[in-house]
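*Asks:* Structure incoming, see below.
The values are calculated or read from the model by the stated rules, or taken from the named source; none is laboratory data. Quantities reported herein were computed from a predicted structural model and do not represent experimental measurements. Because the Cβ atoms are built from the backbone with ideal geometry, glycine has one as well, and the counts that use them run over all protein chains shown. Note: areas computed on protein heavy atoms with side chains; ligands, DNA, RNA excluded. Shrake-Rupley method; radii C 1.70, N 1.55, O 1.52, S 1.80 Å.
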Amino acid sequence: GGVVARLWVQEYDGVHKARRVITLGSPHHGTQLALAGSVFAPDACPVACQQLTPGSRFLADLQTPVPEPPSWLALWTTQDRTVTPPASAGLEGGLSVSVQSVCPDVQVAHSALPTDPVVTRMVLAAIGPGPMLPPAPGLCSPSGG
């Protein structure tokens, strides 16, 4: 989703249509999983898989740093085993934050990012009406404040 959002902003006038873009564990710099797939099972690694190989032409053609507007927040987890290395989900030009840099005790895998309560609170805070700020430690508690 996040890599597609970057393409949309860059190529399809998303820069004039979105106020904010938030990505969750997106392989902005590729993932070793796609590399392994393209090397060891090329017939099972479709074009989208190949595009997410670190250093791919597709990823190289994405604007870096990302354009502003819109404002960007890349949230990712240090415990990601899908986007590897996990810091590959970081994004130049916007806020780039690992969940654990704000909430060190949070355990969240890649697949749980969209449903994790702490991540949800971080996303909701980021899409609010005020300026987009880095997530705050107060979002770590169930009360969110």
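*Asks:* Only residues that are in a loop (DSSP other than H, G, I, E, B), free of Cβ contacts under 8 Å to residues at least 40 places away in the same chain and among the aliphatic types (A, V, I, L, M): list them for the range 7-51, please. Talk me through it step by step, then tell me what you get.
*Replies:* Let us first name the residues in the range 7-51 that are in a loop (DSSP other than H, G, I, E, B), namely 12-13, 17-19, 25-31, 41, 45-46.
Now narrow it down to the ones that are free of Cβ contacts under 8 Å to residues at least 40 places away in the same chain: 12-13, 17, 41, 45-46.
Once the filter is applied, which keeps residues that are in a loop (DSSP other than H, G, I, E, B), free of Cβ contacts under 8 Å to residues at least 40 places away in the same chain and among the aliphatic types (A, V, I, L, M), the range 7-51 yields only Ala41.
*Asks:* Checking Cys45 against (1) over 16 Å from the mean Cα position of the chain (by Cα); (2) crowded, with 19+ Cβ neighbours inside 10 Å; (3) within 24 Å of Ala112 (Cβ to Cβ), only one condition comes out false. Which one?
*Replies:* (3)
*Asks:* Would you call Leu73 part of a loop (DSSP other than H, G, I, E, B), in contact with a strand residue (DSSP E or B) (Cβ under 6 Å, 6 or more places away or on another chain) and not basic (Lys, Arg)?
*Replies:* no
*Asks:* Now for a separate question. Given the conditions (1) open to solvent by 60 Å² or more (accessible area, probe 1.4 Å); (2) touching a strand residue (DSSP E or B) at 6+ places or on another chain (Cβ under 7 Å); (3) over 17 Å from Pro134 (Cβ atoms), report the number of the one that Glu11 does not fulfil.
*Replies:* (2)
*Asks:* Would you please list the contacts, defined by Cβ atoms under 6 Å and residues six or more apart or on different chains, that run from a residue in the range 104-132 that is under 10 Å from Thr77 (Cα atoms) to a residue that is of a type in the set (Ser, Thr, Tyr) and part of a loop (DSSP other than H, G, I, E, B)?
*Replies:* These pairs meet every condition: Val108/Thr77; His110/Thr82.
*Asks:* Can you work out which of the residues in the range 67-102 that are touching an Asp or Glu at 6+ places or on another chain (Cβ under 8 Å) and surrounded by 21 or more Cβ atoms within 10 Å (Cβ to Cβ) is modelled with the lowest pLDDT? Can you show your working first?
*Replies:* We begin by selecting, within the range 67-102, every residue touching an Asp or Glu at 6+ places or on another chain (Cβ under 8 Å); these are 86, 89, 93-94, 99.
Filter once more, keeping what is surrounded by 21 or more Cβ atoms within 10 Å (Cβ to Cβ): 89, 94, 99.
Working: Ala89: 96, Gly94: 92, Val99: 97.
Among them, the one singled out is Gly94.
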